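Heads up: the structure comes next, in structure tokens.
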Amino acid sequence: QVQLVDSGGDLVQAGGSLRLSCAASRSSFIFDRMGWYRQAPGKQRELVAVATSGGSTNYADPVKGRFTISRDNAKNTVNLQMDSLEAEDAAGYYCNGLRLVGTAQGIKEYDYWGQGTQVTVSS
């Protein structure tokens, strides 16, 4: 098994920056995709940014141009640089690792989650 440990959340003023970090407990456990999701009170968890093992990235529209995801396959880490933070960015941020496994019935998805780190933005 593998665990994801995420960190970096803090209280920041609107317009400020934060850097979230996530590390897998086993560097040899390669995820097909790693990324970040967030969940604000009363809302569903939503994708923020993801990066595949091949280097492709995808961002949610609200964070495009402000957030940057970076992944180190060798260290099995993923970071999220968040700039120009807005009040709407305040949420619990969760690291995610996705592993795809081929089975006789097709591809099975295994999701792994960090414990979450809180981002608070003051206006």
From the option list Gly106, Gly65, Gly92, Gly102, single residue qualifying as under 16 Å from Ser21 (Cβ atoms) and out of contact with any Pro (no Cβ under 6 Å at 6 or more places or on another chain) is Gly92
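Okay, residues lined up against (1) open to solvent by 50 Å² or more (accessible area, probe 1.4 Å); (2) at pLDDT below 95; (3) among the polar types (S, T, N, Q):
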site	(1), (2), (3)
Ala24	no, no, no
Met34	no, no, no
Arg38	no, no, no
Thr57	yes, no, yes
Ala60	no, no, no
Asn76	no, yes, yes
Thr103	yes, yes, yes
Checked pairs for the range 1-16, first farther than 14 Å from Leu85 by Cα, second aliphatic (A, V, I, L, M) and open to solvent by 60 Å² or more (accessible area, probe 1.4 Å), C-beta under 7 Å and 6 or more apart or across chains, list as none
Counting only strands (runs of 3 or more DSSP E) entirely within the range 23-123, those with at least 2 residues that are under 15 Å from the mean Cα position of the chain (by Cα) and touching a residue at least 24 places away in the same chain (Cβ under 8 Å) are 33-39, 46-52, 67-72, 77-82, 91-103, 106-113, 117-122
Residue hits (the range 1-22; over 15 Å from Thr120 (Cα atoms) and open to solvent by less than 70 Å² (accessible area, probe 1.4 Å)) are Val2, Leu4, Asp6, Ser21, Cys22
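The values are calculated or read from the model by the stated rules, or taken from the named source; none is laboratory data. It should be emphasised that the depicted structure is a prediction, and the values quoted were computed from it without experimental measurement. Backbone-built Cβ (ideal geometry, glycine too); neighbour counts: all protein chains shown. Note: accessible area is taken over every heavy atom of the protein model, side chains too, but ligands, DNA and RNA are not part of it. Shrake-Rupley method; radii C 1.70, N 1.55, O 1.52, S 1.80 Å.
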